[in-house]
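The values are calculated or read from the model by the stated rules, or taken from the named source; none is laboratory data. Given the structure is predicted, the values throughout are model-derived calculations rather than measurements. No Cβ is skipped: glycine too gets one built from the backbone with ideal geometry, and neighbour counts run over all protein chains shown. All accessible areas refer to the heavy atoms of the entire protein, side chains included, with ligands and DNA or RNA removed. Shrake-Rupley method; radii C 1.70, N 1.55, O 1.52, S 1.80 Å.
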2 protein chains.
Amino acid sequence: MDEPFTPPSTEIVAVWTALMRASRHLRDAVEADLKQAGLPPLDWYDVLWEIEQAPDGIRPNALEPRLLLPQYGLSRLIARLVAAGYVTRRPSPGDRRGQLLHLTEAGRSVRRAMWPVYGAALTRSFVGTAAEAEAPRLAALLNGLTGKAPRPQAPIA
Amino acid sequence: MDEPFTPPSTEIVAVWTALMRASRHLRDAVEADLKQAGLPPLDWYDVLWEIEQAPDGIRPNALEPRLLLPQYGLSRLIARLVAAGYVTRRPSPGDRRGQLLHLTEAGRSVRRAMWPVYGAALTRSFVGTAAEAEAPRLAALLNGLTGKAPRPQAPIA
DNA sequence: CCGATATTGATGCAGTTGCATTTACATGGA
DNA sequence: TCCATGTAAATGCAACTGCATCAATATCGG
């Protein structure tokens, strides 16, 4: 029943290594900029952003698939955000297991402070590369890899 | 002196998010397969591979830039590989600070055992996607992002 | 040769992650 | 109603990471 194992083509291997290198490289660059600006790490941004997009609050389990984080990872990340005073937990109406997350003023503020640093790092990374000119095609190809729909999620503003 | 901050274009943001999602997704998939097969994590493969490519041994500081790992990260990873019996450290001739890393038989063997699982996960991830057909272009675009030359490094064989 | 400086690799510590399990509540069926 | 099962979120523990620093060389200038 075992397939005899068809190795991936060299082209696929080349894409794979390029993908791993590029993503690590870019992420490291952004993280470094944030840290050097005395701002929280990249993960925080995404969570703050998602919560901000939900003015009526959002539950952790709704956040989880959007952020591609494991349940316990998100749980602890939220705990840190709460400890930092950026997020509040409120009881979830109708389900006492759940909680509704809201941003505090400080949360909104730090998210806004992060964006210029974040965005500048992105701009710096892409401008002048071939990837900039071909961005739409590149995005489409990458999205094709993750199975399904390109999430509406975007760290804009 | 501060630039007024030009936000990245929506196209760049789209590429960025697609890149982050795709890379995490694929890496998770490969890691999951390796773990489920009772094999070591992906990082180990790269190190084992690089050491295997150097029949006369290689020094950690030479490995470091190839693997995009921080010095202390590599140091401890090597320590784990040594503890697992996959790698040996030998004194580096001519520089008593350094060490020469060699693969043991077990190391060669586990690296070989990982490859089918690793490769199959890659194949599964790419086959049938648009990225497969456009692999060379995609790789070129991604390599354009990491500044310089596309390393000869490839996890083949 | 000597001392200042640079390089190689390791390590103590605090913070973070993965894994498995736990606690609390919800839901559906007898 | 009561129990079995399912879901939401948290947590104990071990492993791993980042950061700063260290010890042991090596190298370079005088």
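Here are the numbers:
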{"item": "Output for segment A:85-94, where each listed residue is in a loop (DSSP other than H, G, I, E, B) and without any contact (Cβ under 8 Å) to a residue 24 or more places away in the chain", "result": "A:85, A:93, A:94"}
{"item": "Residue B:104 being within 12 Å of chain A (Cβ to nearest Cβ), more than 8 Å from DNA strand C (Cβ to nearest atom) and β-branched (Val, Ile, Thr)", "result": "no"}
{"item": "Candidate set from segment A:63-112 (those that are open to solvent by 50 Å² or more (accessible area, probe 1.4 Å), among the small types (Gly, Ala, Ser) and modelled with pLDDT of 95 or more); member that is farthest from DNA strand D (Cβ to nearest atom)", "result": "A:109"}
{"item": "Candidates B:79, B:62 - the one that is near DNA strand C (Cβ under 8 Å from one of its atoms) and over 19 Å from residue B:42 (Cβ atoms)", "result": "B:62"}
{"item": "Filter pass, residue A:131 being modelled with pLDDT of 95 or more and either within 22 Å of residue A:27 (Cβ to Cβ) or touching a Gly at 6+ places or on another chain (Cβ under 7 Å) (or both)", "result": "no"}
{"item": "Test: residue in segment A:49-56 that is of a type in the set (D, E, K, R), away from chain B (no Cβ under 14 Å) and within 10 Å of DNA strand D (Cβ to nearest atom)", "result": "no"}
{"item": "Some residue of segment A:65-72 being within 15 Å of DNA strand C (Cβ to nearest atom) and more than 14 Å from chain B (Cβ to nearest Cβ)", "result": "yes"}
{"item": "Residue list for segment B:119-140, filter: open to solvent by less than 50 Å² (accessible area, probe 1.4 Å) and more than 7 Å from every other protein chain (Cβ to nearest Cβ)", "result": "B:121"}
{"item": "Residue list for segment A:37-62, restricted to those being more than 18 Å from residue A:112 (Cβ to Cβ), touching a helix residue (DSSP H, G or I) at 6+ places or on another chain (Cβ under 9 Å) and open to solvent by 50 Å² or more (accessible area, probe 1.4 Å)", "result": "A:61"}
{"item": "Among residues of segment B:12-45, those that are among the charged types (D, E, K, R) and facing chain A (nearest Cβ under 9 Å), counted", "result": "4"}
